[in-house]
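Undergrad: Can you read through this structure? Questions will come right after.
The values are calculated or read from the model by the stated rules, or taken from the named source; none is laboratory data. Bear in mind that the values here come from a model prediction, so they are computed numbers and not experimental data. Every residue, glycine as well, gets a Cβ built from its backbone with ideal geometry; the counts of neighbours run over all protein chains shown. Side chains are part of the model used for accessible areas, which takes the heavy atoms of the whole protein and leaves out ligands, DNA and RNA. Shrake-Rupley method; radii C 1.70, N 1.55, O 1.52, S 1.80 Å.
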There are 2 protein chains.
Amino acid sequence: MDLKLATQIGKCLSNQTRMQIMEWLKEPERNFPPHETLKHFNDGVCASYIQDKTKMSQSTISTYLTNMEKCGLLVMTRHGKWSYFKRNEKLIKAYTKYIIK
Amino acid sequence: MDLKLATQIGKCLSNQTRMQIMEWLKEPERNFPPHETLKHFNDGVCASYIQDKTKMSQSTISTYLTNMEKCGLLVMTRHGKWSYFKRNEKLIKAYTKYIIK
DNA sequence: CAAATATATCTATAATTCTCGATATATCAA
DNA sequence: TTGATATATCGAGAATTATAGATATATTTG
């Protein structure tokens with residue numbers, strides 16, 4: 001973790017929708033309906049379910065998720081035509097360690 | 001800690017200069033010269049020393065510090081004509097607890 | 001292959017943030 | 001009180017980010 005990465009993470013976490021997504025992804029089974037094809041949340045939640053819940057446009061949420069994945073906050077796994085996103089707890093922990101004294 | 005406050009904190013931590021200030025304030029005696037009037041860093045570091053180190057304008061750094069204090073990241077103490085800023089470890093910890101699963 | 005579906009990327013405008021100079025306020029020192 | 005110094009606030013233009021529609025790409029299905 002360095003200054004640049006930490007500020008990029010801060011940028012992702014400076015928007016209520018994005019922060020809300022991070023919170024929802026703490027408990028996928030609680031916050032999202034079950035996936036119809038995949039029978040689990042092992043790789044997180046598919047982009048369209050996340051989008052539905054935010055009520056924002058597809059392109060906006062896709063951009064959010066892509067950026068959050070680029071800075072490491074989320075991990076993306078593709079299954080067929082679906083993209084699944086889950087929290088990257090390791091990076092989140094590294095970020096919190098960086099800002100704590 | 002709630003969604004709104006967490007994103008405000010994220011905003012403060014989304015800028016390299018502000019994040020750098022947070023890092024410097026972890027170790028005032030290491031990163032700043034001793035204060036001439038006050039003989040300690042108990043209340044943190046005075047605004048002008050912080051400004052000097054960033055090489056940015058007085059008004060910009062004053063705005064930064066004021067906003068960081070408003071969202072609780074920093075605690076401000078006034079001694080005479082000087083404003084001293086120190087980290088608010090309690091709030092920082094609350095923020096990290098909020099984002100960690 | 002063609003159609004349907006999910007996601008990603010491009011482009012442009014709207015909204016917000018950045019940054020500084022100017023100015024105001026507060027305090028100290030003479 | 002006057003002048004000097006430290007910090008805060010205001011106002012404006014520059015830079016960045018937000019957001020969505022249009023379009024492109026990728027995958028599945030018939």
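Undergrad: Quick one: B:G44 ticks every box in (1) within 14 Å of chain A (Cβ to nearest Cβ); (2) at positive phi; (3) open to solvent by 20 Å² or more (accessible area, probe 1.4 Å) bar one, so which box is it?
TA: So B:G44 meets the others, but not (3).
Undergrad: Restricting attention to region B:76-90, which residues are under 15 Å from the mean Cα position of the chain (by Cα), in contact (Cβ under 8 Å) with a residue 40 or more places away in the chain and over 18 Å from B:E27 (Cα atoms)? Lay out the reasoning, then the answer.
TA: Our first condition is that a residue be under 15 Å from the mean Cα position of the chain (by Cα); within region B:76-90, this holds for B:76-78, B:82-90.
Adding the requirement that they be in contact (Cβ under 8 Å) with a residue 40 or more places away in the chain leaves B:82, B:84-87.
Scanning region B:76-90 gives a single hit, B:W82.
Undergrad: State whether one or more residues within region B:33-43 are within 27 Å of A:C12 (Cβ to Cβ), modelled with pLDDT of 95 or more and away from DNA strand C (no atom under 11 Å from the Cβ). Steps first, please.
TA: Of the residues in region B:33-43, the ones within 27 Å of A:C12 (Cβ to Cβ) are none.
Taking every residue of region B:33-43 in turn, none turns out to be within 27 Å of A:C12 (Cβ to Cβ), modelled with pLDDT of 95 or more and away from DNA strand C (no atom under 11 Å from the Cβ).
Undergrad: Same structure, new question: Out of (1) exposed (fewer than 14 other Cβ atoms within 10 Å of the Cβ); (2) closer than 30 Å to A:Q16 by Cβ; (3) away from chain A (no Cβ under 14 Å); (4) of a type outside the set (S, T, Y), what's the single condition that is false for B:E69?
TA: (1)
Undergrad: Can you name the condition, by its number, that B:L91 falls short on among (1) touching a Leu at 6+ places or on another chain (Cβ under 8 Å); (2) more than 14 Å from every other protein chain (Cβ to nearest Cβ); (3) aliphatic (A, V, I, L, M)?
TA: Among (1) touching a Leu at 6+ places or on another chain (Cβ under 8 Å); (2) more than 14 Å from every other protein chain (Cβ to nearest Cβ); (3) aliphatic (A, V, I, L, M), the lone unmet condition for B:L91 is (2).
Undergrad: Read through the list (1) within 13 Å of chain A (Cβ to nearest Cβ); (2) touching a residue at least 24 places away in the same chain (Cβ under 8 Å); (3) crowded, with 19+ Cβ neighbours inside 10 Å, then give the number of the only condition that B:Q20 fails.
TA: (3)
Undergrad: Here's a follow-up. For the condition within 12 Å of DNA strand D (Cβ to nearest atom), open to solvent by less than 70 Å² (accessible area, probe 1.4 Å), more than 14 Å from chain A (Cβ to nearest Cβ) and of a type in the set (F, W, Y), what is the one hit in B:Y64, B:Y49?
TA: Every option except B:Y49 fails the conditions.
Undergrad: Across region B:35-46, what is the total count of residues that are more than 10 Å from DNA strand D (Cβ to nearest atom) and hydrophobic (A, V, I, L, M, F, W, C)?
TA: 2
Undergrad: Residues that are surrounded by fewer than 15 Cβ atoms within 10 Å (Cβ to Cβ), closer than 27 Å to B:K97 by Cβ and of a type in the set (K, R): does region A:72-80 have at least one?
TA: In the first step, residues of region A:72-80 are kept if they are surrounded by fewer than 15 Cβ atoms within 10 Å (Cβ to Cβ); the result is A:77-80.
Subsequent filtering for residues that are closer than 27 Å to B:K97 by Cβ retains none.
Scanning region A:72-80 turns up no residue that is surrounded by fewer than 15 Cβ atoms within 10 Å (Cβ to Cβ), closer than 27 Å to B:K97 by Cβ and of a type in the set (K, R).
Undergrad: Report, by residue number, each residue of region B:81-93 that is touching a Cys at 6+ places or on another chain (Cβ under 7 Å) and either open to solvent by less than 70 Å² (accessible area, probe 1.4 Å) or charged (D, E, K, R) (or both). Let's see the steps before the verdict.
TA: Start the filter on region B:81-93 by keeping residues that are touching a Cys at 6+ places or on another chain (Cβ under 7 Å), which leaves B:82-84.
Passing the criteria: B:S83, B:Y84.
Undergrad: While we're on this one: With respect to B:T96, determine if the residue is open to solvent by 40 Å² or more (accessible area, probe 1.4 Å) and either at negative phi or not in a loop (DSSP other than H, G, I, E, B) (or both). Working first, answer last.
TA: Working: open to solvent by 40 Å² or more (accessible area, probe 1.4 Å): no; either at negative phi or not in a loop (DSSP other than H, G, I, E, B) (or both): yes.
When the stated conditions are applied, B:T96 does not pass them.
Undergrad: Further, regarding this structure: Could you check, for region B:73-81, whether at least one of its residues is part of a helix (DSSP H, G or I) and more than 9 Å from DNA strand D (Cβ to nearest atom)? Even if it seems obvious, please write down each step before you answer.
TA: The first filter runs over region B:73-81 and keeps only residues part of a helix (DSSP H, G or I), leaving none.
No; the residues of region B:73-81 include none that is part of a helix (DSSP H, G or I) and more than 9 Å from DNA strand D (Cβ to nearest atom).
Undergrad: Just checking, how many residues over region A:23-41 are surrounded by fewer than 14 Cβ atoms within 10 Å (Cβ to Cβ) and in contact with a helix residue (DSSP H, G or I) (Cβ under 6 Å, 6 or more places away or on another chain)? Break it down into steps so the answer makes sense when it comes.
TA: Keep residues of region A:23-41 that are surrounded by fewer than 14 Cβ atoms within 10 Å (Cβ to Cβ), which gives A:26-27, A:29-30, A:33-34, A:36-37, A:39-40.
Cutting the leftovers down to in contact with a helix residue (DSSP H, G or I) (Cβ under 6 Å, 6 or more places away or on another chain) gives us none.
The number of residues fulfilling the criteria is 0.
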